[in-house]
Amino acid sequence: SLQDQFDNLEKHTQWGIDVLEKYIKFVKERTEIELSYAKQLRNLSKKYQPKKNSKEEEEYRYTSTRAFLATLNEMNDYAGQHEVISENMTSLITGELTRYVQELKQERKSHFHDGRKAQQHIETCWKQLEASKRRFERDCKEADRAQQYFEKMDADINVTKADVEKARQQAQLRHQMAEDSKAEYSSTLQKFNSEQHEHYYTHIPNIFQKIQEMEERRIVRIGESMKTFADVDRQVIPIIGKCLDEITKAAESVDHKNDSQMVIEAFKSGFEPPGDVDFEDFTQPMKRTVSESSLSNSRGDGKSEPKFGSKSKGKLWPFIKKNKLMSLLTSPHQPPPPPPASASPSAVPNGPQSPKQQKEPLSHRFNEFMTSKPKIHCFRSLKRGGAGPEDFSNLPPEQRRKKLQQKVDELNKDIQKEMDQRDALTKMKDVYIKNPQMGDAASVDHRLAELGQNIEKLRLEVQKFEGWLAEVEGRLPARNEQPRRQSGVYEAQNPSGVNSCAQDRESPDGSYTEEQSQETEMKVPATDFDDEFDDEEPLPTIGTCKALYTFEGQNEGTISVAEGEMLYVIEEDKGDGWTRIRRNEDEEGYVPTSYVEVYLDKNAK
């Protein structure tokens, strides 16, 4: 029946709405998973991020750790794309379908309400038809009975004429009522047939058509939502691909050579490895003297012993000629030649004679190096340990240079901050002077005076540290006597502590000596303190230079350069007109400052 069809359609459309709501729930759970996944990725990235002002932050100087940091950052962006997926699915699918389901339920309710209304209407017409039919049938039966009673009364001779007339009138009345019922039934039947035709051929088909269109729209909508589901995911694939490409790029940027070099730069001390240990023959007395050809010294009395290992390479003065050694120990003291005036610089081969070096026996300098000893109180402090000195003299030369440079940079930053504050207060004071109603100009004078004092103190600190830095950069290693072989409590507590004991001084001619110990020499077995002379390392480069003219350095301490040649600067002009340069590890010397164009770089190694 038609009612059964309505019931089936009602069940089917409700099932369709249930499917739609199930899909909405599925997408909503997917968005929750995406959000949870993105949150977990962000937490994971945050967990492994380096902590600020910690040792971990320093470790991210290496290419491998920087690549890992880039991976963490890209994972953060990767998580952001999953958040985008969740947001787009929520707005484009979940939100839209939720609103559509509400509209669909209202539309479905309206259609089935119209269907039930049409069904009730046709049922009402049918009931009216049945009632009219029953009334017509009843009236016909009543009219038939009345006619039969009249005929019976008319045939009976014992009945009075009045009774017969009464029966006749009653029969006519009943007949008329039957005719009226017949007309009414006919009219009702026609009306019902018309309504029924309208119901089955117009109203119900229209309702079914609307329900069909509604269901088709629902099917199309869920299909479009599934397509959107895929498109939302597909839209972030290029960005996720870029994140993965960046991770790949970061991985490819890992440079094992660079990382290894950074480790070397971070931990190199500037010390030389010890040379070979001499055989000490106790079977016969040995006369150990220091001369320009023999650089040995006794090791049994706890004094340092200069050793020049023949296997060491790339070092300066233990392995070069005596006259070149002398020239590198001292800088020229005479004015440099002026630059050539002619168009061809080569026309002036060398200008004035390069200055001669002040002659001092090399053996005397070595004797000074070898006879100096650390003071007794220094060894006591070595036993105690304790904080390092202000000039970082307890560190190896290279590490000391880095610490001093870092300290100078920090002080310069502090000076800049103080100067910025002073400039700001000066401008404020000018404003107050021009506009007294805005403030009292005298109120900032006290603060300006404080800033001036602070700047002066900081500048003195900078000069102090720059002096130590110049000492280290001027000669590496900064200490000529370093503990090489220590045993017992000294090595365990502070192996580098003896470095701070040697108080170095620079002699007027540029050579390096140590303060002579005036205290009693410690009685220590030779096995406890076995020191060796630490070879001098090449000075670090502080920039580059380009030769403007040809200079033929034929004298001690100078080096020949060709016009246009690029070289390394290892010592600036100290005011005497000479700049110290290096061509390679074994060739360095002085050239007139006016002959070269210098490009300083404090970060150059």
Just one listed residue, out of F150, F112, is under 23 Å from R174 (Cβ atoms), among the aromatic types (F, W, Y) and out of contact with any strand residue (DSSP E or B) (no Cβ under 9 Å at 6 or more places or on another chain), and it is F150
A careful count of residues in segment 160-189 that are more than 30 Å from T124 (Cβ to Cβ) and in contact with a helix residue (DSSP H, G or I) (Cβ under 7 Å, 6 or more places away or on another chain) gives 7
**Message:** Quick check on K141: is it loosely packed, with under 13 Cβ neighbours inside 10 Å, of a type in the set (D, E, K, R) and either assigned to a helix (DSSP H, G or I) or under 60 Å from the mean Cα position of the chain (by Cα) (or both)?
**Reply:** yes
Restricting attention to segment 393-447, the residues that are open to solvent by less than 40 Å² (accessible area, probe 1.4 Å) and over 30 Å from A470 (Cβ atoms) number exactly 4
Of the residues in segment 39-50, those that are open to solvent by less than 100 Å² (accessible area, probe 1.4 Å) and outside any helix (DSSP H, G or I) number 2
Report task. Kindly establish whether G474 is open to solvent by less than 50 Å² (accessible area, probe 1.4 Å) and either in the same structural domain as E572 (by the TED database) or at pLDDT below 85 (or both). Result -> yes
Across segment 51-67, the tally of residues that are touching a residue at least 24 places away in the same chain (Cβ under 8 Å), in a helix (DSSP H, G or I) and open to solvent by 50 Å² or more (accessible area, probe 1.4 Å) stands at 2
The correct count of residues that are touching a helix residue (DSSP H, G or I) at 6+ places or on another chain (Cβ under 6 Å) and either among the acidic types (D, E) or closer than 19 Å to N193 by Cα (or both) in segment 129-159 is 8
| If we scan segment 92-104, do we find a residue that is of a type outside the set (S, T, Y), farther than 30 Å from V19 by Cβ and surrounded by 13 or more Cβ atoms within 10 Å (Cβ to Cβ)? | no
Note on segment 185-205: residues surrounded by 14 or more Cβ atoms within 10 Å (Cβ to Cβ) and either closer than 30 Å to R99 by Cα or in contact (Cβ under 8 Å) with a residue 40 or more places away in the chain (or both) are Y185, T188, L189, K191, F192, E195, Q196, H199, H203, I204
Practice prompt. Check segment 212-235 and report whether any residue there is open to solvent by less than 90 Å² (accessible area, probe 1.4 Å), farther than 21 Å from R108 by Cα and free of Cβ contacts under 8 Å to residues at least 40 places away in the same chain.
Written response: yes
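The values are calculated or read from the model by the stated rules, or taken from the named source; none is laboratory data. Keep in mind it's a predicted model, so treat the numbers as computed, not measured. Cβ: placed from backbone, ideal geometry, glycine included. Neighbour counts: every protein chain shown. These accessible areas exclude ligands, DNA and RNA; they are computed on the full protein's heavy atoms, side chains included. Shrake-Rupley method; radii C 1.70, N 1.55, O 1.52, S 1.80 Å.
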